[in-house]
Amino acid sequence: MDNDLLQKLKAWRQNRANLEGVASFRVFANKVLENIAEFKPSNKAQLMAIKGIRDRKFAKYGEEILVIVNNSKPEPLATSLDAQPGKPLSVSAYIDFLNRQLSKWHARIQGEVSSMDIRERVIYFSLKDSDGEGVINCLIWKNDYKLSGIEFEVGTEVILEGIPDIYKPSGRLSFKTSSVELIGEGALKKAYDQLKKKLDNEGLFLEERKRKIPELPQKIGLITSETGAVIHDFLTNLGKYGFQIKFVDSRVEGQAAVRNLISAVDYFSDKDIDVLVIIRGGGSLESLQAFNNETLVRIIADFNKPVICGIGHEKDVPLASLVADKMVSTPTAVAHVLNASWQEAVHKIELGKEQIFNFMRVALSERRETVNHALNIIERRFKSIFDNFTQVEESLKRSFVSLQLRMIDIARTLVECPRTLYTQMSHVLAKANQDVVSLEKLMVTYNPERQLKLGYSIVRSGGAVIRKTSQVRQGQTVDVLVEDGSFESEVKKINKK
Amino acid sequence: MSDKKFNLKDSLHRLNEIVEWFEEQKEVDVEAGLEKVKEGAKLVKDCKVRLAEIENEFEKVKEEADKDSE
């Protein structure tokens, strides 16, 4: 592989990315650049044959790539000045050579901003020693400047990271700055507080902005460092629920991590994930400064899926955590958050099962009771019918018995009757006999004819018995009845008493 | 597992619906209830299968991850 070409391509890519304000992998992935450096395509067809380059990419970058590839061929770039004995170099070639050499001197330098010239795409400034005479010209792409989240002012103390580079048209050496960081906890704390206040005023921390962590998340986007205990803690604490974890390794330490983190978050923006997880172990404000970077924080706040931040911290909660939809402070806690709805599901299933079966059991036993109840009623009804029967039967029986008794009684009466009749008749007859006898006696006693025998006579006139003198008149003829016959007599004189 | 396209979330939801159905009934119709129980039992079984231990998949993506930002 042509390493020089690869470096050129990478430099070109960085510039394009800066111009477009996108992460460099959005222009071309490393793999694609490596393939170009390997196969050195010299025309469209060859270039299109490389994986990762399609019509759209070609239309956008094809010509530029081909120019770079083709230009790198004819002019053998000097890698050492001795390689060209006697033959002078062009200024351009020399500057190219120097720049290639200089690009190896990647460095971090510390100083204070001493002058500034803000242009459309780039900021020219100079950095000088705080207590010395050294000054160096610097430039930073606007994009990188914004990314740093730091406002330059004259006197701001910073650490710059980058490479020296000579600008061909002016021959001026500048420190091409790729990242900036503030110096000291004090400055960091101040920047942190300012940004926190700003974001807070914008309402970025508000609870109502936060999205719910989806239930039963499965596809997890994970951003953290591949090395260290953090990723291990996270993975071992994650329940075995068939999570599908897509992991992007990223730097997480210091300001230098910003670009990495942004590109990692950006990577997931169009991926099929349920939730994005960003984790890091605890650290000082300085080591966590990437997580207080405005650009990163805003990207997280605007991310199209729920984000969980598990970033350890001391006093100041990282702003990335504050804008995340869910924040905890350890990777283990993130794992627990992800496990929660799964564990709950297990519980819900048990509960659901219990409830359903209970309901059914109750329903069935209610049915049984209803049936039993009905049965009881029927039984009682029948029983009462039978009871009535028995009652009737008994009363009937009783009636029969009494009828029988009565009949026996009657029969007995009938049997006894003649005897009684006879007895009574005898009595009656005997009495009658007696009566007759006594009557006979009486009649004998009281017979008038008997009186006549005794000398008494009965005087009658016209059939009536004369008892009073008033019944007769002088001269009247009366019949006088005596014992052996009668005679007529005439009333001569009436003597009244 | 997920190739069966079994949806745990939907199944849990359905299970919950069944529970609610029972809760709403003043008097449970035994026939209908038995149908629900049958369905519920199947859901529970399927859910348990899904919730049985399933190894997580781990995949490192975006290998280069734009790490060489220098």
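With all protein chains present, calculate the accessible area of A:THR332 using a 1.4 Å probe and round the result to the nearest 10 Å².
40 Å²
Rounded to the nearest 10 Å², what accessible area does B:GLU17 show when all protein chains are kept and the probe is 1.4 Å?
80 Å²
Using C-alpha positions alone, give me the convex hull volume of segment B:8-68 per residue in cubic angstrom.
Taking only Cα atoms, segment B:8-68 has a hull volume of 97 Å³ per residue.
For segment A:118-182, what is the relative contact order in percent, using Cα pairs closer than 8 Å and at least 6 residues apart in sequence?
Working: 99 pairs, mean separation 20.4, N = 65.
So the answer I get is 31 percent.
Averaged over its residues, how many other protein chain Cβ atoms are within 10 Å of peptide A:357-363's Cβ atoms?
6
Indicate, rounded to the nearest 5 percent, the antiparallel portion of the DSSP beta bridges found entirely in chain A.
65 percent
Residues of A:17-28, mean number of Cβ from any other protein chain within 10 Å of their own Cβ, rounded to a whole number? Kindly include the intermediate steps, with their values, before the conclusion.
Values: counts 2, 0, 0, 0, 0, 0, 2, 4, 6, 1, 0, 0.
Whole-number average of other-chain Cβ neighbours for A:17-28 is 1.
Residues with amide H under 5 Å of A:VAL122's amide H, sequence separation 5 or more or different chain, H placed in the peptide plane at 1.01 Å from N; which?
For A:VAL122, whose amide H was placed from the backbone, the distant partners under 5 Å are A:LYS142.
Return the sequence-ordered ³J(HN,Hα) values of segment A:340-349 in whole Hz as given by the Karplus equation 6.51 cos²θ - 1.76 cosθ + 1.60 applied to θ = phi - 60°, using x for Gly and Pro.
3, 6, 6, 4, 5, 4, 4, 5, 4, 5
Separation between the A:THR295 and B:ALA32 pseudo-spin-labels, each 7 Å from Cα along Cα→Cβ, expressed in nm?
Roughly 6.2 nm, to one decimal.
Express the accessible area of segment A:138-293 per residue in Å², computed with a 1.4 Å probe while the remaining protein chains stay in the model. All intermediate terms of the calculation are to be shown ahead of the outcome.
Values: 6440 Å² over 156 residues.
Per residue, segment A:138-293 has an accessible area of 41 Å².
Would you tell me the mean number of C-beta atoms belonging to other protein chains that fall within 10 Å of each C-beta in A:237-244, as a whole number?
Other-chain Cβ atoms within 10 Å of each residue's Cβ, averaged: 5.
Per 0.36 nm of contour for each residue apart, how much would the distance between A:SER426 and A:GLU354 grow if the chain were fully extended, relative to their Cα-Cα spacing?
Answer, rounded to one decimal: 15.6 nm.
Report, in deg cm²/dmol and to the nearest 500, the calculated mean residue ellipticity at 222 nm for chain A, where each DSSP H run with n ≥ 4 adds -39500 (n - 2.57) and the sum is divided by the residue count. Before the final figure, lay out the partial values.
Values: 14 runs with 240 residues, N = 497.
Roughly -16000 deg cm²/dmol at 222 nm, from the helical runs in chain A.
Just order A:111-119, A:386-394 by mean Cβ neighbour count inside 10 Å, highest at the front, would you?
Values: A:111-119: 15.0, A:386-394: 10.6.
In descending order of packing, they fall as A:111-119, A:386-394.
In percent, what relative contact order does chain A have, based on Cα pairs under 8 Å that are 6 or more apart in sequence?
8 percent
Please identify the GluC sites (Glu not before Pro) of segment A:21-74 that satisfy two criteria: DSSP loop assignment and at most 11 other Cβ atoms within 10 Å. Which are they?
On the way: sites: A:GLU34, A:GLU38, A:GLU63, A:GLU64; in loops: none.
Answer by residue number: there is no such site.
Determine the dipole magnitude for segment A:451-491: charges of +1 sit on the beta-carbon of Lys and Arg, -1 on that of Asp and Glu, nothing else is charged, the reference point is the Cα centre, and the result goes in debye to the nearest 20. Don't skip to the end; give the middle numbers.
Numbers: 5 positive and 5 negative charges, 58 e Å.
The calculation lands at about 280 debye.
For helix A:91-102, report the angle its Cα long axis makes with the longest principal axis of the Cα atoms of chain A; keep it between 0 and 90° and round to the nearest 10°.
The angle comes out near 50 degrees.
Apply the Karplus parameterisation 6.51 cos²θ - 1.76 cosθ + 1.60, with θ equal to phi minus 60°, to every residue of segment A:481-490 and state each ³J(HN,Hα) to the nearest whole Hz, in sequence, with x for glycine and proline.
Per-residue couplings from phi come out as 8, 10, 4, 9, x, 9, 8, 9, 9, 10 Hz.
Lys/Arg Cβ at +1, Asp/Glu Cβ at -1, dipole of segment A:442-496 taken about the Cα centre: which of A:GLN474, A:GLY455, A:SER486 is farthest positive-ward?
The residue sitting most towards the positive pole is A:GLN474.
Calculate the radius of gyration of the Cα atoms of segment A:197-444 to one decimal place, then report Dmax, the largest Cα-Cα distance, as a whole number, both in Å.
54.2, 179
Please list the non-local residues whose amide H lies under 5 Å from the amide H of A:LEU216, H modeled 1.01 Å from N, same-chain partners needing a gap of 5 or more.
A:SER341, A:TRP342
Using amide H atoms built in the peptide plane, which far-off residues or other-chain residues are under 5 Å from A:SER179 H to H?
HN-HN under 5 Å from A:SER179: A:GLU161.
May I ask for the accessible area buried between chains B and A, both sides summed, probe 1.4 Å, to the nearest 100 Å²?
Between B and A, the summed buried area is about 4200 Å².
What does the protein assembly as shown give for Rg and for Dmax, in Å, if only its C-alpha atoms count?
In Å, with Rg to one decimal and Dmax whole: 68.0, 241.
Just reorder A:MET48, A:MET327 by solvent-accessible area, largest first, 1.4 Å probe, all chains present.
Values: A:MET48 60, A:MET327 90 Å².
Per-residue accessible area, sorted high to low, gives A:MET327, A:MET48.
Suppose every K and R has +1 on its Cβ and every D and E has -1 on its Cβ; what is the size of the dipole of the protein assembly as shown about the Cα centre, in Debye to the nearest 20?
4000 debye
For the full complex of protein chains and a 1.4 angstrom probe, list A:VAL444, A:VAL346, A:VAL307 by accessible area with the highest value first.
A:VAL444, A:VAL346, A:VAL307
Please arrange B:ASP46, A:ASP409 by accessible surface area, largest first, computed with a 1.4 Å probe and ligands excluded.
The most accessible residue leads, giving A:ASP409, B:ASP46.
Roughly speaking, what is the centre-to-centre gap between segment A:224-297 and segment A:327-356 when only Cα atoms are used, to the nearest Å?
Taking the Cα centre of segment A:327-356 as reference, the centre of segment A:224-297 is 23 Å away.
For helix A:257-268, what angle does its Cα long axis make with the longest principal axis of chain A, in degrees from 0 to 90 and rounded to 10?
50 degrees
For segment A:200-206, what does the Karplus curve 6.51 cos²θ - 1.76 cosθ + 1.60, with θ = phi - 60°, yield as ³J(HN,Hα) per residue in whole Hz, taken in order and with x for Gly and Pro?
So the Karplus estimates, Gly and Pro as x, are 4, 4, 7, x, 6, 9, 4 Hz.
Mind scanning A:LYS305/A:LYS348; A:LYS8/A:LYS87; A:LYS8/A:LYS190; A:LYS348/B:LYS60 and naming the pairs with a C-alpha gap bigger than 29 Å?
A:LYS8/A:LYS190; A:LYS348/B:LYS60
With all protein chains present, calculate the accessible area of A:VAL328 using a 1.4 Å probe and round the result to the nearest 10 Å².
Approximately 30 Å² for this residue.
The values are calculated or read from the model by the stated rules, or taken from the named source; none is laboratory data. Since this is a predicted model, take the numbers as computed values, not measurements. Don't worry about glycine lacking a Cβ; one is built from the backbone with ideal geometry, like all the others, and counts go over all protein chains shown. What goes into the accessible areas is simple: the full protein's heavy atoms, side chains included, and nothing from ligands, DNA or RNA. Shrake-Rupley method; radii C 1.70, N 1.55, O 1.52, S 1.80 Å.
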